[in-house]
Amino acid sequence: MKVSNEARDGLCPQRLVLEHVTSRWGTLVLIELLDRSYRFGELRRAVGRWGGREVSEKMLTQTLQTLERDGLVDRDAKPVIPPRVDYSLTDLGREAAEQVRALAVWTQNRLEQVEKARRAYDEVRETRSRTS
């Protein structure tokens, strides 16, 4: 049975918005749009620079539509030839993007400590598995 967006949103609205904002591509789109508005192709390339992995057109389209529906992204289609569509953050989107960017900066600044903790954890687990 297919659940409508409205019915699904009613299940846990906060969780769904959090999933949209913190999704793999949602986070990167929000961070990129903090600097300026982008056309679709420009945004796709900019997001791809983050991890060396390119976002597909389909996934970027879905991500932008989801963020637009949540009121975080504005889609401005200009009636010119050739067609021009620009994506930018709304005020709400800017607020969310600043929070996400703060977490990204924290991650970058603390990555060495996280990696050290991971190594220590893995060593303990490996030692336990050898003695069991």
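Ranking request for peptides 117-123, 76-82: highest mean number of other beta-carbon atoms within 10 Å first, then the rest in descending order.
The peptides rank, most packed first, as 117-123, 76-82.
A 1.4 Å probe run over the protein chains yields, for the chain, 74 Å² of accessible area per residue, whole-number rounding. Dividing the Cα convex hull volume of the chain by residue count, how many Å³ per residue is that? Per-residue hull volume (Cα only) is 182 Å³.
Give the relative contact order (percent, whole number) for the chain; include only Cα pairs under 8 Å separated by 6+ residues. Working shown, then result.
Working: 108 pairs, mean separation 31.9, N = 132.
Relative CO of the chain lands at 24 percent.
Using only the C-alpha atoms, the convex hull of the range 13-78 corresponds to 83 Å³ per residue.
Ratio of alpha-carbon Rg to the 2.2 N^0.38 Å globular estimate for the range 85-132, to two decimals, please. Before the final figure, lay out each step's value.
Working: Rg = 19.2 Å, N = 48, 2.2 N^0.38 = 9.6 Å.
With N residues counted in the range 85-132, Rg over 2.2 N^0.38 Å equals 2.01.
The values are calculated or read from the model by the stated rules, or taken from the named source; none is laboratory data. Here the structure is a predicted model, which is why all the values come from computation and not from measurement. So basically every Cβ, Gly included, is an ideal-geometry build from the backbone, and we count neighbours across all protein chains shown. We work out accessible area using only protein heavy atoms, side chains counted, and drop any ligands, DNA or RNA first. Shrake-Rupley method; radii C 1.70, N 1.55, O 1.52, S 1.80 Å.
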